[in-house]
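Structure first, commentary second.
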Amino acid sequence: MIEVEGLTVSYGAGRRTVLALAGVSLSVAEGELVAVVGPSGCGKSTLLFTLDGLIPPTQGVVRIGGQMVQGVRRDVALILQDAGLLPWKTVLANAELGLRIQGRRGDVREVLEELGLAGFERRYPGELSEGMRRRVGIARALALNPKVFLMDEPMANLDSITRQRIQDLILKLWQGFHFTGVLVTHDIEEAVFLGQRIFVFSPRPGRLVEVVENPEVGTSKYRDSAQFLARVRHLRQVLVESGT
Amino acid sequence: MKRVVHYLVAALVVFLLWELVSVSLLAVRGRVILPGPVATIREGIQHVSELSSAFGASALRFSIALSIAFFLGLPAGLVLGFERGLYQVFSPLIYLTYPIPPVALLVFLYLAFGVGEAVKIVVVTCALFFQVLVAAQGAARGIPRTYVTAVRSAGASRWQLYRHVVVPATLPAVLTAARVSVGLGITMLYVVETKLGLVGGPKTGLGRFIEYYTFRAELSLAGVVGLSLLGLMFYALLELLERWLCRWKHLGGPGAP
Ligand SMILES: Nc1ncnc2c1ncn2[C@@H]1O[C@H](COP(=O)(O)OP(=O)(O)OP(=O)(O)O)[C@@H](O)[C@H]1O
Ligand SMILES: [Mg+2]
C-alpha cells in the first residue's frame with residue numbers, strides 16, 4: 001500500500017539546509033499497522049508529512065496504492081502531533097472540517113459517539129481535556145474514512161490511563177475499519193502494542209536502522225503476555241545498540 | 001448588564017472630577033474657566049437638535065471611514081502577512097508610509113479630493129486603514145503552523161485556508177487593534193471637521209460644532225461630551241463585535257481574564 005524508496009527530505013536552502021531524512025526505504029502492506037520509533041528530531045513527523053503529500057521529497061519516491069504521491073490525497077488522513085484542532089471551531093465543526101473541505105457529506109456524530117465525545121459537540125477545544133482533544137483529532141481523521149491512517153504521536157503527553165484507553169481505541173478502530181496505519185511514537189511499549197512491524201530510526205538525519213517483527217499485535221490480552229514483555233525488552237535492546 | 005452599570009459609575013466619576021476641577025478653577029481664578037457638567041448638560045439639552053445632527057454627521061463619517069478601512073485593510077493585511085513573498089516585497093513600503101500622519105499631507109489631500117465631504121472621510125480612513133492593515137499583517141504572520149497543516153492535510157484550497165484559518169485566527173487581534181484606534185480616528189475626525197470645515201464644504205459635525213461655539217463655553221463643551229460619546233459608541237460596538245465573533249476567546253476556566 002505504501003512504498004518509500006530512497007526518501008531524502010531536507011528543509012530550507014543554502015547554508016541553512018537541515019537534512020531531516022536520509023535515504024529511507026520501507027513499505028507497508030495493505031491493512032498493516034506499523035509503528036515508527038526514533039529519537040526526537042529524527043524526522044518522524046517529516047516522514048508522515050511526506051506520506052501525506054504535504055511536503056515533496058527532496059529525493060526518492062513515495063507511492064501509495066501504486067501511485068506517486070503528489071499533493072494531498074483524499075484517502076490518506078493525518079492526525080497531527082498536537083491534534084491540530086482549530087480553537088475557533090466547536091468539537092463538531094472540527095470533526096467535520098475534513099469532510100467540509102473536501103465537499104463531502106457525512107455524519108460525524110456517529111464517530112463522535114464512538115469516541116466518547118457525544119454531548120460535547122458544541123464545546124470549543126479550549127474547554128476540553130487534553131485526552132478529549134486528541135480524540136477529536138482522531139474523529140476528524142476517522143470521519144474521512146481513509147484507506148491510510150497516519151498518526152503522529154496521538155498519545156504523547158497523556159497520563160498513562162488515558163494513553164492506554166486511546167491505544168485500545170486505535171487498536172479497535174484498526175480491527176474494525178481495516179485501514180493501513182502508520183503510528184509514530186516515542187513510547188516503546190506503545191510501539192510493541194500497536195506495531196505489527198516496528199521501524200527504528202536513527203538520530204537526525206533519520207535513517208531506517210532496524211525493523212522489528214511483532215506479528216502478535218491485536219491478539220487478546222497481548223499487553224499482559226510474556227511475549228509482549230520479551231518484545232519490549234528486545235526493542236529496548238535494539239534502540240540501545242543502534243545508538244538512539 | 002453589569003458592564004452598563006460599570007459605564008454609568010465611570011460616567012458619574014468623570015462628572016464628579018469635572019465638577020471638582022471646574023469649582024477649583026473658579027475659586028483660584030475668580031471667574032468661570034471651565035463650565036461644570038450641570039451647566040454643560042443644560043446647554044446641550046437646549047440645543048439638542050443641533051447637537052444631535054452634528055453627532056449624526058460625525059457618526060456617519062466615522063462609520064464610513066471605519067468600514068472602508070476594514071474592507072480594504074483587512075484583506076490586504078492578511079494577504080501581505082500570510083503570503084511570504086508578498087510580505088518581503090511590500091513590508092518596507094508599509095513601514096515607510098505607516099508613520100506618516102495623514103494630517104501632515106492635508107494640503108495635498110485637499111488639492112486631490114477638494115474641500116467637500118470626501119477629503120474628511122479620506123483622512124480618517126487613512127488613519128484607521130493603516131492600523132487595521134498592520135494589525136492584520138502581524139497577526140497573519142503569527143498564525144501557528146499546525147493550524148495551516150491541519151487544513152492543508154484535508155486538501156484545502158487557498159481560499160479555504162483563508163476562510164477556515166487565516167481570517168478566524170487573526171480576527172481577535174484585528175478587532176482589538178481597530179478598537180484601540182478609535183481614539184486616533186476621533187482625533188483625525190475632529191481635525192478635519194474644524195480646520196477644513198472653515199475652508200469650505202458642508203459645515204456639519206461635532207468638530208465644527210465645538211469650534212463654532214468656542215465663545216459659548218458650555219455649548220462647546222457639550223460638543224466635546226458628544227465627541228467622547230461618539231468614541232465610546234464605536235469602542236463598545238467593536239468590543240461587542242469581538243465578543244460575538246470570537247466567542248472561543250472568551251471561555252471560562254482558570255486562564256480566563
Ligand atoms: N519547517 C522546518 N524548517 C527547518 N527545519 C525543520 C522544519 N521542520 C522540522 N525541521 C527539522 O527537521 C528535523 C526533523 O523534524 P521532525 O519534526 O520530523 O522530527 P520528529 O522526529 O517528528 O521529532 P519529535 O519526536 O520531536 O516530534 C528536526 O531536526 C527539525 O529541527
Ligand atoms: Mg514529530
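Worth pointing out:
- First in segment A:53-81 and within 9 Å of chain B (Cβ to nearest Cβ), second anywhere and part of a strand (DSSP E or B) and away from ligand 1 (no atom under 13 Å from the Cβ), Cβ under 7 Å, 6 or more apart: A:Arg73/A:Ile64; A:Val76/A:Ile64; A:Val76/A:Val148; A:Ala77/A:Phe149
- Residue match in segment A:88-110 (condition: hydrophobic (A, V, I, L, M, F, W, C), surrounded by 18 or more Cβ atoms within 10 Å (Cβ to Cβ), not in a helix (DSSP H, G or I) and not assigned by TED's automatic domain parsing to the domain that holds A:Ser27): yes
- Strands (runs of 3 or more DSSP E) within segment A:1-46 that include 2 or more residues of a type in the set (S, T, N, Q) and more than 19 Å from A:Gln196 (Cα to Cα): A:2-11
- Selected residue (criterion: farthest from ligand 2 (Cβ to nearest atom)) from residues of segment A:123-151 that are outside any helix (DSSP H, G or I) and under 23 Å from A:Val76 (Cα atoms): A:Asn145
- Test for A:Leu117: is it within 13 Å of chain B (Cβ to nearest Cβ) and modelled with pLDDT under 95: no
- When we screen A:Arg197, A:Arg134, A:Arg204, A:Arg163 for residues that are within 14 Å of another protein chain (Cβ to nearest Cβ) and not β-branched (Val, Ile, Thr), the only hit is A:Arg134.
- Scope segment A:166-207; condition within 16 Å of ligand 2 (Cβ to nearest atom) and of a type in the set (Ser, Thr, Tyr); matching residues: A:Thr185, A:Ser202
- Total residues in segment B:136-147 satisfying the condition of being touching a Gly at 6+ places or on another chain (Cβ under 6 Å) and at the interface with another protein chain (Cβ under 8 Å from one of its Cβ atoms): the figure is 1.
- Residue within segment A:87-99 that is under 24 Å from A:Thr185 (Cα atoms) and within 16 Å of ligand 1 (Cβ to nearest atom) present: no
- Residue among B:Leu133, B:Leu128, B:Leu109 that is without any contact (Cβ under 8 Å) to a residue 40 or more places away in the chain, away from chain A (no Cβ under 14 Å) and either over 24 Å from the mean Cα position of the chain (by Cα) or over 30 Å from A:Gln102 (Cα atoms) (or both): B:Leu109
- Checklist (1) within 13 Å of ligand 1 (Cβ to nearest atom); (2) within 28 Å of A:Val240 (Cα to Cα); (3) modelled with pLDDT under 95 applied to A:Val36, failing item: (3)
- If the condition is being in contact with a strand residue (DSSP E or B) (Cβ under 8 Å, 6 or more places away or on another chain), more than 16 Å from ligand 2 (Cβ to nearest atom) and under 27 Å from A:Asp82 (Cβ atoms), then segment A:215-244 contributes A:Val217, A:Leu235, A:Leu239.
- All strands (runs of 3 or more DSSP E) inside segment A:152-244 with 2 or more residues being more than 16 Å from ligand 1 (Cβ to nearest atom) and not acidic (Asp, Glu): A:180-185, A:208-213
- Wholly within segment B:148-254, helices (runs of 4 or more DSSP H) carrying at least 1 residues that are away from chain A (no Cβ under 14 Å) and either over 30 Å from A:Leu85 (Cα atoms) or in contact (Cβ under 8 Å) with a residue 12 or more places away in the chain (or both): B:167-180, B:182-191, B:206-212, B:217-245
- Answer from B:Leu96, B:Leu74 - the residue that is of a type in the set (A, V, I, L, M) and free of Cβ contacts under 8 Å to residues at least 12 places away in the same chain: B:Leu96
- Pick from segment A:55-82, criterion within 16 Å of ligand 2 (Cβ to nearest atom) and farther than 15 Å from A:Leu144 by Cβ, ranking: modelled with the highest pLDDT: A:Ile55
The values are calculated or read from the model by the stated rules, or taken from the named source; none is laboratory data. The model shown is predicted, which means the values in this text are computed figures rather than measured ones. Cβ sites come from the backbone with ideal geometry, for glycine too, and all protein chains shown count toward neighbours.
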